[in-house]
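A.B. asks: One structure coming up, written as C-alpha cells, with questions to follow.
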C-alpha cells in the first residue's frame, strides 16, 4: 500500500497592502481558515517610516475543486475594513510575458531558454523588436516574433503597434531585455509596475546611455546590473534586484561588457521570477521583495 | 510640541515548532490578538519532507506595562492542542554570552568589540581560555577573563570548571571563538543548541584539524568558514551560516589564513546575531534561519 | 585622413615551467626582444613549496608577416638551458572544442551560445552524447551532433567511438558539460589536462553522485560548482574555477538544483575561457590560473 | 642536521611607469640580473587607450648584505632612456601610517588591531581626531593619540597642526578612517596619492554626506564601500577597492549602517594593504592594482 498523499489544490497568492494596525494577521488568517484555505506560507513586512503593512500569503484550498481566486469576493468586506489594497494571483496559471529587445540578444535568449525549460514559470507570449534580428532564435523556441520598426522617427505609432500587439496576446508582464528605446509616458502608463527593465549598471550610478563606458572611464572595481520597474522617470523606477561582478584594470571595455552580460542575464531572470511568483510589491519608489 | 510617539512595549518572540496542519496561523495570531499583543513580524516555514511547521512571531503588548513573556502560561493549551514545542524570548533583555577561546584572538576581539559597541545585542558575561593570553584585552573591554588550563591532560576536570563558571554567570549562549579543544559529550549535553562554533572551512569540506592546510594542499579556489551548533559528532552540527572568499595560486598558506580570518569573524558574528535575535531553530541536523 | 593604427601581428603565448633560478625573466625576455617580438603581457608565479617557476608571456611580432610560433625552434636551447617545459600557443587560431553531455543541456546550450556569439574564443567542433536529446539544439547552432549510446553496458566500445570521433575533428579541448558517465583511465589518458569537467558541488565536498541531494541533506547554506581537469581519480583533478550561491532552509531540492545550474554554467564557461586563453598551467594536483 | 635554508635578502619593489615600447621587460630584467638581483615576481600592465606601461618587480639581492634600494642610482640611465618614472620601495621596512578619524571608531579599531597583530604590514605612527574620543583605545594599542579640534571654525589652522604632526612622525601614508571633515586642497597637496579615504557607498553612487540615508531612500538592494586616493575633487579620486553586501526591504537605516560598517572595514584594510605592499599605481583618475 502506498502512502496517502496530501492532495494540494491550486496554489493562490493573496497580496495585501494597508496601514499597519493590530489584528491584521489574525483577521486575514482567520478568514482563510474559515473559508477552508490552508496557508502554505506567510510573509509580511512593516515599513516603519510610513507605517505601511505588506503581506503575502500563499494558500491552497482543502477542497481542491474550489478555486482560491473565488475567495476574492468574500474577502472584500475584510479588505474594506482594513483599508487594504488586495490582489489574488493564481500561481498555477502560467503567466504570459512579452519581451521587447533591440539588437543584443543575450537577455532575450536567456529568458527564452529559461521559459522553455521550466526554469522560469512563464510562457513567452511574444517577442517584439525594433530590429529584425531575432526571428530565427524565436522560431527555434517556437515563440512569435514581431519586427516593429520605428519608421521615419515616428516612435508614437511604433509604440501604438506594440501596445496593440501586447493587448492581443493577453500579457501579464512586459520585459525589456536590453530594449534600447526610451518609452513614452503614454506607453508606460498602460502597464503600471508591469514593465521590468534591466539597466547595465548599479543604479543610481551611471544612468542613461553607455553605462559600461562610464564605468570604465571612472575606473570602478565592480560592474553591476539593476532590474527595476519602469516608471516615467528614466532609470528611476523601484529596484527589484541588483548584482555585481569584480573587474580590474586589466579589463578592457570589451571585457567589462562581456562580464556585465552575465550579470545582466542573472539579475533580470531573478527579478522576473520574483515578479511572476507574486513576491514583489512596489510602492512609492521602493519594493518589498519577499524571499 | 513634539510628535506623539508610538510607545512600544517590550518586544517578545514566540518560536513554535509542530506538525503542519490547517489553521495554525489563525489560531496563534488569534490568541495573540485576544491577549492584546501587536504582531510586529511573522516568519514561518514548512519543511515539505517532514511536514514540520516552524514559526517566529515578534510582538509587543498594546499595554506596555504587561510582559509578553507572561503570555506563556495562557498559551499552553494552544501549544498542547497543536502538539507544538514553544519558546518565548524577551528581546529587550540583553542576552549573556560566554566566549571560549584558545590562542588566537581575532574572533574573540571581534565579538568583544561588537558587544561593546552595540553592534551585537549581547553582553559578554565571561571569557575563558585554556591559555592565559587574553587577560589584557578582556580587561580593556571590562569583561571577566578566566584562565582555565588543562592540567596534566585532565580535560574532564577542566571542563567541569568551565561548566561551573558558565553556570555562575547565568549564560544564554556559549560561543567557541576558535576554541581548539574537542569538547566531551558531557560538556556539550549541558547546552543543547546553545553552543556555536566557528570552523575554518566550508563544511563538510576539511573537517578536523588544519582545514586551511588541507585547502591549500587541495588547491581550492575558495576558502570558507562555517558557524554551526555543536553536537556530539565533531563538525557535524546544524549549520547556521557560511561564507567564502576567493583565493588563488598566489596565496601562500599564510595568506589563506589571513583571508580566512576575516571570513571567520564575519560568519561567526552573523550566526551569533541570528541566534541572539531568536531567528534560528535547529532540528535534526538542520536549521531554519529566519531573515 | 585616419589615424595611423598600430598593426599587431598574431598574438602568441609562451607558457613555461621550470625550477626557479636567477635570470629566467632576463633570459626569456632578452630572447624575445632579439627575435623581434613585442611582449604584450607577462605573468609569472613561483610556488615557494616546490621552487617551481611558471611564466606566461603574450607577445606579437614587430614584423606581422612573421609567426610567433616559428620562434619555438630557436627557443629550444634556452628551454634546455633552463630545464623548462615549454608550450607556444597561437591565440589567433580559434581553438576547437568537443563537448560531451548527457541528458541535461544547460551547460551545453550555454557553451554553444557563448561560442556562437564570440563570448568564448572557441569553435564547438562537435557535441557527443550518450542520449539522443541534443540533436535539435545542435542543428540550430550549426554544430555536428553525435549520438553515441552505451550499448548493452559496453562502455569500452562507446569510449572507443568517442575517441575516434574526437580525433577526426582535430579537437584541442574536451569539455564534460554535465556528462554523467565515469570515464575510464584509457579515455582520460588520451587528453592529459585537456578534459575539463564541471562538478556540481564545491569540491572536495560532496564527491560522487547527487551532490545537490547531499548538500540539501547536510543543510549547507551555500551551494557551489567546481570546474577541474579530469584525472584518473574521480573528482580529484586540479581545480580551475569554483563559485557559490547562497541558499536557505526555504530552498527545496528543486530550488537548489535550479540555483546551482546558474553557478555551473558560469563556472564552466570561466574555466573553459581561461584554458583557451592559455592562462592555466596544471601541475601535480593544482593549477596556476593567470589573471 | 637541518635543511640548508635559502637566505633571502631584503625584498625590494621597483615600480615603473612609462610609454609602452618594445624591449622594456628585457631591459629592466637584464639590468636587475646584471646587478645580482633575483626577481621574485613581475607584474605588468599596458593601458591600451593611452599606451602607458606599468610594471611592478619584486626582487631580492643574491648578496644579502647589499640593499635593493642602492640600485636606484645605477638604474637612472635606464629610466631616462625609457622616459620612465620610477620608485624603489623597501618592503622590509615597516611603513608608518597616520590615521585620521572623527567620532566613529570601527575603521580605526580595525586598523589598529590589524597593525598590532601583523595582519597589516604597518606601524600606526599616530592617530589624530577632531574629537577626543579615541584616547583610550589608542592607549590600549600603544599608539600616540592627538586630539586636534577645529576651534571656532578655523579649519585652516587645524589642518596646519595636522600637517605638522604628520611631518613630525615621518609618515608614509595618511588614512582617513571615516574622517568626516572635507580637507582643503592645501592639505591634500602635501600627500599626492598618499591619502586613502573610505567612502561608505559604491562610488560614483551617493557622493557627499549621508550615503546610507541616500541608499535607503533610493531602495537599492546592495550597499557598498569605496576606498580611494583623495584628490582635490570630493569623492572623485582614483578607486583602489570596492565591495558590497546585499540588503533588503527588511533592513532599516540602522541595519544598513551596521552591515555597511563591516564592508567599510574590509574594503579600507584591503586598499591600505595593497598600497603598503607597493601594489597600487595611480594615474589620471584610475589605478592599477597588481594582484
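The values are calculated or read from the model by the stated rules, or taken from the named source; none is laboratory data. The model shown is predicted, which means the values in this text are computed figures rather than measured ones. Using ideal geometry, Cβ is built from the backbone for each residue, glycine included, and neighbour counts are taken over all protein chains shown.
A.B. asks: Hey, any hits in region D:1-12 for a residue that's more than 30 Å from residue D:127 (Cβ to Cβ) and away from chain C (no Cβ under 14 Å)?
C.D. replies: Yes, region D:1-12 contains a residue that is more than 30 Å from residue D:127 (Cβ to Cβ) and away from chain C (no Cβ under 14 Å).
A.B. asks: On to the next question. Filter region B:222-235 down to the residues that are farther than 25 Å from residue C:225 by Cα and touching a residue at least 40 places away in the same chain (Cβ under 8 Å), then identify the one that is surrounded by the most Cβ atoms within 10 Å (Cβ to Cβ).
C.D. replies: Going through the qualifying residues, I end up with B:230.
A.B. asks: Give just the number: which of (1) in contact with a helix residue (DSSP H, G or I) (Cβ under 7 Å, 6 or more places away or on another chain); (2) within 25 Å of residue A:142 (Cβ to Cβ) does residue C:187 not satisfy?
C.D. replies: (2)
A.B. asks: Determine whether region C:1-11 contains at least one residue that is in contact with a strand residue (DSSP E or B) (Cβ under 8 Å, 6 or more places away or on another chain) and either closer than 30 Å to residue C:258 by Cβ or at pLDDT 95 or above (or both).
C.D. replies: Within region C:1-11, not a single residue is in contact with a strand residue (DSSP E or B) (Cβ under 8 Å, 6 or more places away or on another chain) and either closer than 30 Å to residue C:258 by Cβ or at pLDDT 95 or above (or both).
A.B. asks: Suppose we filter A:27, A:21 for residues that are facing chain B (nearest Cβ under 9 Å) and surrounded by fewer than 16 Cβ atoms within 10 Å (Cβ to Cβ); which single one remains?
C.D. replies: One residue alone meets the criteria, A:21.
A.B. asks: Show me the strands (runs of 3 or more DSSP E) found entirely inside region C:182-291 where at least 2 residues are closer than 26 Å to residue C:88 by Cβ and within 11 Å of chain B (Cβ to nearest Cβ).
C.D. replies: The strands (runs of 3 or more DSSP E) meeting that bar are C:222-229, C:239-246, C:280-283, C:286-289.
A.B. asks: From the list B:259, B:279, which one is in the same structural domain as residue B:106 (by TED's automatic domain parsing) and within 30 Å of residue C:280 (Cα to Cα)?
C.D. replies: B:259
A.B. asks: Here is a further query. Search region A:37-51 for residues being within 8 Å of another protein chain (Cβ to nearest Cβ) and over 17 Å from residue B:46 (Cβ atoms), and hand back the single one that is surrounded by the most Cβ atoms within 10 Å (Cβ to Cβ).
C.D. replies: A:45
A.B. asks: May I pose another question? Testing residue C:112 on (1) touching a helix residue (DSSP H, G or I) at 6+ places or on another chain (Cβ under 8 Å); (2) within 16 Å of residue C:173 (Cα to Cα); (3) more than 11 Å from every other protein chain (Cβ to nearest Cβ), one condition comes back false. Which one is that?
C.D. replies: Here residue C:112 meets the rest and fails (3).
A.B. asks: Tell me the residue from A:169, A:134 that is in contact with a strand residue (DSSP E or B) (Cβ under 6 Å, 6 or more places away or on another chain) and within 14 Å of another protein chain (Cβ to nearest Cβ), please.
C.D. replies: Residue meeting the stated conditions: A:134.
A.B. asks: A further question follows. Can you name every residue in region C:57-70 that is surrounded by fewer than 21 Cβ atoms within 10 Å (Cβ to Cβ) and touching a helix residue (DSSP H, G or I) at 6+ places or on another chain (Cβ under 8 Å)?
C.D. replies: Passing the criteria: none in range.
A.B. asks: Return yes or no: is residue B:119 surrounded by fewer than 16 Cβ atoms within 10 Å (Cβ to Cβ) and under 22 Å from the mean Cα position of the chain (by Cα)?
C.D. replies: no
A.B. asks: Still on this structure: Can you tell which of B:75, B:54 is surrounded by 18 or more Cβ atoms within 10 Å (Cβ to Cβ), at the interface with another protein chain (Cβ under 9 Å from one of its Cβ atoms) and either at pLDDT 95 or above or part of a helix (DSSP H, G or I) (or both)?
C.D. replies: B:54
A.B. asks: I'd like the residue in region D:86-103 that is over 30 Å from residue D:61 (Cβ atoms) and crowded, with 20+ Cβ neighbours inside 10 Å and, out of all such residues, is nearest to the other protein chains (Cβ to nearest Cβ).
C.D. replies: D:101
A.B. asks: Got a number for residues in region B:143-184 being surrounded by fewer than 18 Cβ atoms within 10 Å (Cβ to Cβ) and at positive phi?
C.D. replies: Number satisfying all stated conditions: 3.
A.B. asks: What residue, of A:22, A:64, is assigned to a loop (DSSP other than H, G, I, E, B), closer than 27 Å to residue C:255 by Cα and outside the structural domain of residue A:273 (by TED's automatic domain parsing)?
C.D. replies: On inspection, the qualifying residue turns out to be A:64.
So that you can scan it fast, the table gives a plain yes or no per residue for (1) without any contact (Cβ under 8 Å) to a residue 24 or more places away in the chain; (2) over 20 Å from residue A:17 (Cα atoms):
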position	(1), (2)
A:197	no, yes
A:200	no, yes
A:216	no, yes
A:237	no, no
A:245	yes, yes
A:261	no, yes
A:269	no, yes
A:282	no, no
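A.B. asks: Another question, if that's okay. Would you mind stating whether residue D:147 is more than 19 Å from the chain's Cα centre (by Cα) and either closer than 30 Å to residue D:90 by Cβ or at pLDDT 95 or above (or both)?
C.D. replies: When the stated conditions are applied, residue D:147 passes them.
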